[in-house]
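Undergrad: Sharing a structure here in structure tokens format.
The values are calculated or read from the model by the stated rules, or taken from the named source; none is laboratory data. Since the structure is predicted, the reported quantities are computational estimates derived from the model, not experimental observations. Note that each Cβ is placed from the backbone with ideal geometry, even for glycine, and that neighbours are counted across all protein chains shown. When the accessible area is computed, the model is the full protein with side chains, heavy atoms only, and any ligands, DNA or RNA have been set aside. Shrake-Rupley method; radii C 1.70, N 1.55, O 1.52, S 1.80 Å.
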Amino acid sequence: MLSYQHIYHAGNTADVHKHASLFTLLRHMLQKDKPLSYVETHAGRGLYPLASVEMQKTGEFNRGAGQLLNQRETWRNTALAPWLDWLYPYFRKDLYPGSPVLARDGLPPPHQLQLMELHPQEFSQLKRNLNAPNLHLHQRDGREGLPALSPPEPRRGLVLIDPSWEEKDDYHNIPRSVERCLQRWPNAVILIWYPLLAAARHPQLVQSIRRLQRPLLQQEWAWTEAPEGHGMYGSGWLLIHPPWGVEQPLAALLACLQQWKPDGESRQQWLIEPE
Ligand code: SAM
């Protein structure tokens, strides 16, 4: 059952963490002048209109990226600035760009993009919203699609795994998919985003990814106290095979986020250090 629609949550505080981290990581990887593959397993529709009924209904954007964009001057010359500067022209057009647009803008040919999305409506919107000669769109399950498309050409590359985590099986299926991907594409850089939920499912995910015994960097940012019930109180990611030196710009970014919401708690740590 696919009921999740990212449009209700686009540009929220979790997206700020995820998208600003992805932007920082890509920018770092682009310092090397070599073509990249970008693979995304759960792409969504790419572009989200701020005036849509869904975004207006939740107001999550206004408490997330919207707030930062309105205080853009405060963040000038900080680790957040490059992402906000890229975002701003979209904001002026009343749009919030998701990860596929971020990747498309950052990676013109000869870089290659492989984007998967399973939901028929999200997929047709994605097709409408994104067009580029180096863009390959697949309407398929990203969990089986990731190993099936591995290794892509070029082989140097980055995978983003950003499920809605509504399907409980994903805490088992995603690590399995990552393991199969790495068997075929041993040097893939893989960013896995996960929510911090009161139900505390993410430790199982972290444990399973850790078992793969690859260099592994983690960030977690809890911007509020864990609520009663099922709510999200923070955001985390795991980065397999972090490119050399990327931990510094990512840590600087996390420090900005912590400064933005000073009551929260954040940490970056190596779960498995590179040899
Ligand atoms: N990564 C996007 C971004 O940051 O802009 C947001 C993605 S959203 C969190 C998750 C998306 O995964 C939804 O659009 C949903 O329809 C899609 N989805 C759910 N299950 C899927 C699956 N098994 N394979 C591929 N896409 C799936």
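Undergrad: Can you name the residue in the range 29-81 that is part of a helix (DSSP H, G or I) and among the β-branched types (Val, Ile, Thr) and is also farthest from His9 (Cα to Cα) among such residues?
TA: Narrowing the range 29-81 to residues part of a helix (DSSP H, G or I): 29, 53-58, 60-63, 65-70, 72-75, 81.
From the residues that got through so far, the ones that are among the β-branched types (Val, Ile, Thr) too are 53, 58, 74.
On the way: Val53: 12, Thr58: 7, Thr74: 24 Å.
If we take residues in the range 29-81 being part of a helix (DSSP H, G or I) and among the β-branched types (Val, Ile, Thr), then Thr74 is farthest from His9 (Cα to Cα).
Undergrad: May I ask you to list the residues in the range 1-46 that are open to solvent by less than 60 Å² (accessible area, probe 1.4 Å), among the aliphatic types (A, V, I, L, M), out of contact with any Gly (no Cβ under 7 Å at 6 or more places or on another chain) and within 12 Å of the ligand (Cβ to nearest atom)?
TA: Selection gives Ile7, Ala14, Ala20, Leu22, Ala43.
Undergrad: Do the conditions hold for Gln112, that is, is it under 25 Å from Val178 (Cα atoms), away from the ligand (no atom under 13 Å from the Cβ) and not hydrophobic (A, V, I, L, M, F, W, C)? It would help to see each step written out before you state the result.
TA: Numbers: under 25 Å from Val178 (Cα atoms): yes; away from the ligand (no atom under 13 Å from the Cβ): yes; not hydrophobic (A, V, I, L, M, F, W, C): yes.
Considered against the rule, which asks whether it is under 25 Å from Val178 (Cα atoms), away from the ligand (no atom under 13 Å from the Cβ) and not hydrophobic (A, V, I, L, M, F, W, C), Gln112 comes out as yes.
Undergrad: Then there is this: Filter the range 45-79 for residues that are of a type in the set (Lys, Arg), modelled with pLDDT of 95 or more and more than 18 Å from Gln258 (Cα to Cα) and give the result.
TA: Arg45, the sole residue that qualifies.
Undergrad: Also, quick follow-up: Mind listing whichever residues of the range 253-274 are in contact (Cβ under 8 Å) with a residue 60 or more places away in the chain and outside any helix (DSSP H, G or I)?
TA: Answer for the range 253-274, where residues must be in contact (Cβ under 8 Å) with a residue 60 or more places away in the chain and outside any helix (DSSP H, G or I): Lys261, Leu271, Ile272.
Undergrad: For the range 138-232, list the strands (runs of 3 or more DSSP E) that sit wholly inside it and hold at least 2 residues that are in contact with a strand residue (DSSP E or B) (Cβ under 6 Å, 6 or more places away or on another chain), away from the ligand (no atom under 16 Å from the Cβ) and open to solvent by less than 40 Å² (accessible area, probe 1.4 Å); which are they? Show your work before the answer.
TA: Details: elements: 157-161, 189-197, 216-222.
Strands (runs of 3 or more DSSP E) meeting the threshold: 216-222.
Undergrad: Does Trp270 fit the bill of being over 29 Å from Gly145 (Cβ atoms), at pLDDT 95 or above and of a type in the set (Phe, Trp, Tyr)?
TA: Working: over 29 Å from Gly145 (Cβ atoms): yes; at pLDDT 95 or above: yes; of a type in the set (Phe, Trp, Tyr): yes.
Taking the combined requirement at face value, the residue satisfies it.
Undergrad: Shifting gears a bit: List the residue pairs whose Cβ atoms are under 6 Å apart, where the first residue sits in the range 63-80 and is without any contact (Cβ under 8 Å) to a residue 40 or more places away in the chain and open to solvent by less than 60 Å² (accessible area, probe 1.4 Å), the second is β-branched (Val, Ile, Thr) and in a helix (DSSP H, G or I), and the two are 6 or more positions apart or on different chains.
TA: none
Undergrad: Among the listed residues Leu126, Leu95, Leu130, identify the single one that is touching a residue at least 12 places away in the same chain (Cβ under 8 Å), over 17 Å from Gly157 (Cα atoms) and touching an Asp or Glu at 6+ places or on another chain (Cβ under 6 Å).
TA: On the way: Leu95 fails: touching an Asp or Glu at 6+ places or on another chain (Cβ under 6 Å); Leu130 fails: touching an Asp or Glu at 6+ places or on another chain (Cβ under 6 Å).
That would be Leu126, the only listed residue that is touching a residue at least 12 places away in the same chain (Cβ under 8 Å), over 17 Å from Gly157 (Cα atoms) and touching an Asp or Glu at 6+ places or on another chain (Cβ under 6 Å).
Undergrad: Looking at the range 233-252, which of its residues are touching a residue at least 40 places away in the same chain (Cβ under 8 Å) and not in a strand (DSSP E or B)?
TA: Once the filter is applied, which keeps residues that are touching a residue at least 40 places away in the same chain (Cβ under 8 Å) and not in a strand (DSSP E or B), the range 233-252 yields His241, Pro242, Pro243, Gly245, Val246, Pro249, Leu250, Ala252.
Undergrad: If the requirement is being open to solvent by less than 40 Å² (accessible area, probe 1.4 Å), part of a helix (DSSP H, G or I) and either more than 17 Å from Phe23 (Cα to Cα) or hydrophobic (A, V, I, L, M, F, W, C) (or both), which of these qualifies: Leu113, Leu102?
TA: Details: Leu113 fails: part of a helix (DSSP H, G or I).
Matching residue, one of Leu113, Leu102: Leu102.
Undergrad: Right, something else. Could you say whether any residue in the range 183-196 is over 18 Å from the mean Cα position of the chain (by Cα) and at pLDDT below 95?
TA: Taking the range 183-196 as the starting set, the residues that turn out to be over 18 Å from the mean Cα position of the chain (by Cα) are 183-187.
This time we only want the ones that are at pLDDT below 95, so: none.
The answer is no, given that none of the residues of the range 183-196 is over 18 Å from the mean Cα position of the chain (by Cα) and at pLDDT below 95.
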